[in-house]
Amino acid sequence: MPEPTPGSADLHLHSSRSDGTEPPADVIRAVRAAGVATAALTDHDTVAGWDEAARTAREEGVGLLPGAELSTKHRGASVHVLAYLFDPADEPLAEMMRRVRDDRVGRAERLVRNLSRDFALTWDDVLAQRSGDATIGRPHIADALVAGGFLASREQAFAGPLSVHSPYYVGHFAPEPVDAVRAVVRAGGVAVIAHPAARGMLPDREIRALIDAGLSGFELGHRENTPEGAAHLRRIAEEQGLLVTGSSDYHGRGKPNRIGEHTTDPATVARIVRAAAGSEPIGL
Ligand code: AMP
Ligand code: ZN
Ligand code: FE
Ligand code: FE
C-alpha cells in the first residue's frame, strides 16, 4: 500500500467500545504505525472510548478528533452520520445515543432468539464477544457464530444469516438523519454523512434537508461508495461549499479496511476544527 501523504488524517475508526476488535489505545497506536498524523475515533453511538484514545494520542503524538458514528434511518434505510468535536455532555445528543445503544441490546437479543431456531447460539455466547458494555451490533453476533464454528467470518455472517434480507433480521430504533444532524450541531459538533454513496444512498431532497439542518460534509473517500454516487455528491459539495473527507472505517480484524486507505487532507481537518465548538481536539 502507498504511504499516506504527510499530515493526512483518517477520520473514521472503530474500537472495541463498539464493533472494532482493538481497544482505543491500540487503534491510536496502529494509526501512528500506519504513518497517519491525525485520527478520529468514531465508535457507533458512544463516546466511551474518548478518554483512553485521548491519553494514547497525547503519548504517541497523534492528532485526535473525538467523534462518533450515529446510527440513523430514513424510510427504512440505514444512514450513518459521523459527528466530530461535539460536547459529550450535551443532553439531547447524549440521550439520542443512549436510546440507540439501549435499543440495540433488545434487538440483538431478538436476533439471537431468531437465530437459535437454527443455530446452537445463546445470548451468553454473544456477550462473550462483546467487550464490557460496548455498543452491541450484528458484528458481535457474527463473531459468536464464527466462534461456534457455524461460519468462517463476519463477512459470511453478513452475507447470510445477519443480512437485512435474512428471515432472522430485526432492526433497532434509530432517529431520522435530520434529527441527528440537528442534535450534533446543537452540541457544537460537525456532522458528515458516512459512506454517503454506498448502498441506500439518500435522494437529493433529503441531502438538501440535511444541509439546511447544518450538515458540514460528505465522506467521499470510502471503499463502499460507488464512483458515480461520489461524483454526484462531489458536485453538490462544490456548489454548497461543503467539506469532503476520506477515511478507512477501520474495525481492526473485523473488516479488511486498512488504516489510511482513504485519507482527509490537513486543510479539511483544520476547517472541521474551526467549525466545531463542542470539545477540544488533541494535538491540533
Ligand atoms: P448493526 O449496526 O448492528 O446493524 O451492524 C452494522 C455494522 O456491521 C456496521 O458498523 C458495519 O461496520 C458492520 N458490517 C456490515 N457489513 C459487514 C461485513 N460484511 N463484514 C464485517 N462487518 C460488517
Ligand atoms: Zn461498525
Ligand atoms: Fe457506517
Ligand atoms: Fe463505521
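The values are calculated or read from the model by the stated rules, or taken from the named source; none is laboratory data. This structure is a prediction, so every number in the text was calculated from the model and none was measured. Neighbour counts run over all protein chains shown; Cβ positions are idealised from the backbone, glycine included.
Assorted remarks:
- For region 217-231, the candidate set comprises residues that are part of a loop (DSSP other than H, G, I, E, B) and not basic (Lys, Arg); within that set, the residue that is nearest to Ala30 (Cα to Cα) is His222.
- Counting only residues that are outside any helix (DSSP H, G or I), within 16 Å of ligand 2 (Cβ to nearest atom) and among the small types (Gly, Ala, Ser), region 232-258 holds 2 of them.
- Residue match in region 47-60 (condition: under 23 Å from Arg253 (Cβ atoms), under 17 Å from the mean Cα position of the chain (by Cα) and not aliphatic (A, V, I, L, M)): yes
- Restricting attention to region 28-73, the residues that are within 16 Å of ligand 3 (Cβ to nearest atom) and not small (Gly, Ala, Ser) add up to 10.
- Residue within region 176-183 that is touching a helix residue (DSSP H, G or I) at 6+ places or on another chain (Cβ under 9 Å) and within 16 Å of ligand 1 (Cβ to nearest atom) present: yes
- Residue that is farthest from ligand 4 (Cβ to nearest atom) [pool: residues in region 61-76 that are modelled with pLDDT of 95 or more and out of contact with any strand residue (DSSP E or B) (no Cβ under 9 Å at 6 or more places or on another chain)]: Gly61
- Of all residues in region 204-216, none satisfies being within 16 Å of ligand 1 (Cβ to nearest atom) and either closer than 30 Å to Arg29 by Cα or not basic (Lys, Arg) (or both).
- The set of residues from region 124-142 being surrounded by 16 or more Cβ atoms within 10 Å (Cβ to Cβ) and either over 19 Å from Ala48 (Cβ atoms) or within 16 Å of ligand 4 (Cβ to nearest atom) (or both) comprises Asp125, Ala134, Thr135, Ile136, Gly137, Arg138, Pro139, His140, Ile141, Ala142.
- If the condition is being of a type in the set (Val, Ile, Thr) and in contact with a strand residue (DSSP E or B) (Cβ under 7 Å, 6 or more places away or on another chain), then region 1-29 contributes Val27, Ile28.
- Some residue of region 23-38 being away from ligand 1 (no atom under 16 Å from the Cβ) and under 15 Å from Asp133 (Cβ atoms): yes
- Filtered residues of region 16-29 (kept if crowded, with 20+ Cβ neighbours inside 10 Å and either under 20 Å from Ala267 (Cα atoms) or of a type in the set (Gly, Ala, Ser) (or both)): Ser16, Ser18, Gly20
- Among the conditions (1) β-branched (Val, Ile, Thr); (2) in a strand (DSSP E or B); (3) farther than 10 Å from Leu82 by Cα, Val192 misses just one, which is (3).
- Gly278 being over 30 Å from Gln156 (Cα atoms) and touching a Leu at 6+ places or on another chain (Cβ under 7 Å): yes
- Candidates Gly246, Gly254: the one that is under 15 Å from the mean Cα position of the chain (by Cα), more than 17 Å from Leu82 (Cβ to Cβ), in contact (Cβ under 8 Å) with a residue 12 or more places away in the chain and surrounded by 16 or more Cβ atoms within 10 Å (Cβ to Cβ) is Gly254.
- Qualifying residue in region 213-232 (condition: surrounded by 22 or more Cβ atoms within 10 Å (Cβ to Cβ), away from ligand 3 (no atom under 16 Å from the Cβ), hydroxyl-bearing (Ser, Thr, Tyr) and touching a residue at least 24 places away in the same chain (Cβ under 8 Å)): yes
- Residue match in region 163-177 (condition: over 30 Å from Leu127 (Cα atoms) and surrounded by 16 or more Cβ atoms within 10 Å (Cβ to Cβ)): no
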